[in-house]
Structures are given as structure tokens and as C-alpha cells.
Amino acid sequence: MFQLLDFRKFRDTPSVQFFDITVATSNARDLVYHEGPAISPNNNDYGDWQFYLHAHQEDNLLALSGGRTFHLVNFEWEDPYHVVRLDANRHILRIPPGTFHRSESDLNGSLVINQAVRDEAAEVEHEFRVYDSREIPKLRQLLSSDIQPCYHAFDRPQTDRSEDYPQAA
Ligand SMILES: [Fe+2]
């Protein structure tokens, strides 16, 4: 399953924020900036959702500014579909290998650092390939069904979300 990890906040005031965000097992870092309500990966030409899936990488995602909403699908989980809010400096979202994932930034964009864990077989070109839900029957079926995803970390009021999500925990 995915996890929402806490991290140590030495100081958390409006003017100074000082955190230990170490993910001890991480051996790679990437940084992704969205200006405005961008989507990663982008939709295909028909508007269908596309996803990333890493075979050999665990993601550990922290929003440094702004906020994002992640859609996670993993057919090995009891509930295969989860929607997770990532508010700035709140949690680290750990996504295990083999999980389809996509994210949508809030209207004002977001800056996210990933303290990834890559195994020996990881190759950047393969880890960042895009999976088109239109071409993957199981994924297409799930997204076109009326299955309700499980929502997580939506308990903070947001004023600039690009979509309205329920305020469920
Ligand atoms: Fe990822």
C-alpha cells in the first residue's frame, strides 16, 4: 500500500519553517515544478488519463509549495483506487513500485521533491515511461466504472483546487 509519512518539524511558524525531511533509504532525487494546474503525466490526445508506473523505483513525494492531488491505482491492493491530497510541507507520500500514479496541481501550481529509492535494475528511461489508460483494458475499465476511490488527507480546507473533491479523511 501507499503511505503518508510524517517528518520531523523543528520549527513551523509562518515566517520560519525548518524540517528534517530525510528519507534514509533514498538514493535518487528529482524535483518537479508545475506552474499552474498542470497534470503529470499529461492526458492523451483524446483526453484520457495517462499514468506513470515505476517497476524499480519507490517514490517519496513532498510538496514544498502549493498542493497536488494524486490518483493511485494498484490492482494488488484490496481497494485498487485511491485519491490522495499532498499539501505543502505536510506529509511525504510513499508510492510503492508497480503503482499507476498521476497528479494534478492546484490552480497556483506546486513544487514537489521526490526522494526516490531506485533498485539496481532501475533505468531512468524505463521508470518514466507513460502508461495510457486507453490502451490498458484493466485500467480503462476501472476508470470508466462507477467505482468510488478512497480519499485521503482531504481534511484541510483548500481554496485553489482545480477540482472539487469531497472533504473526507
Ligand atoms: Fe513517480
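The residue that is farthest from the chain's Cα centre (by Cα), counting only those in region 87-101 that are closer than 18 Å to Arg29 by Cα and among the hydrophobic types (A, V, I, L, M, F, W, C), is Ala88. Against the condition among the basic types (Lys, Arg) and modelled with pLDDT of 95 or more, how does Arg161 come out, does it pass? Against the criterion (among the basic types (Lys, Arg) and modelled with pLDDT of 95 or more), Arg161 does not qualify. Checked across region 57-71, the condition of being within 15 Å of the ligand (Cβ to nearest atom), more than 21 Å from His152 (Cα to Cα) and out of contact with any Cys (no Cβ under 8 Å at 6 or more places or on another chain) holds for at least one residue. Once region 40-57 is narrowed to residues that are under 18 Å from Tyr81 (Cα atoms) and not in a loop (DSSP other than H, G, I, E, B), the residue that is farthest from the chain's Cα centre (by Cα) is Gln50. Out of Leu111, Leu139, Leu72, Leu93, one residue alone is crowded, with 17+ Cβ neighbours inside 10 Å, in a helix (DSSP H, G or I) and at pLDDT 95 or above. It is Leu139. Exactly one residue out of Tyr33, Tyr81 is away from the ligand (no atom under 13 Å from the Cβ), farther than 15 Å from Ser133 by Cα, modelled with pLDDT of 95 or more and not aliphatic (A, V, I, L, M), and it is Tyr33.
The values are calculated or read from the model by the stated rules, or taken from the named source; none is laboratory data. This one's a predicted model, so the numbers in the text were calculated from it and none came from an experiment. FYI the Cβ positions are ideal-geometry reconstructions off the backbone, even for glycines, and counts take in every protein chain you see.
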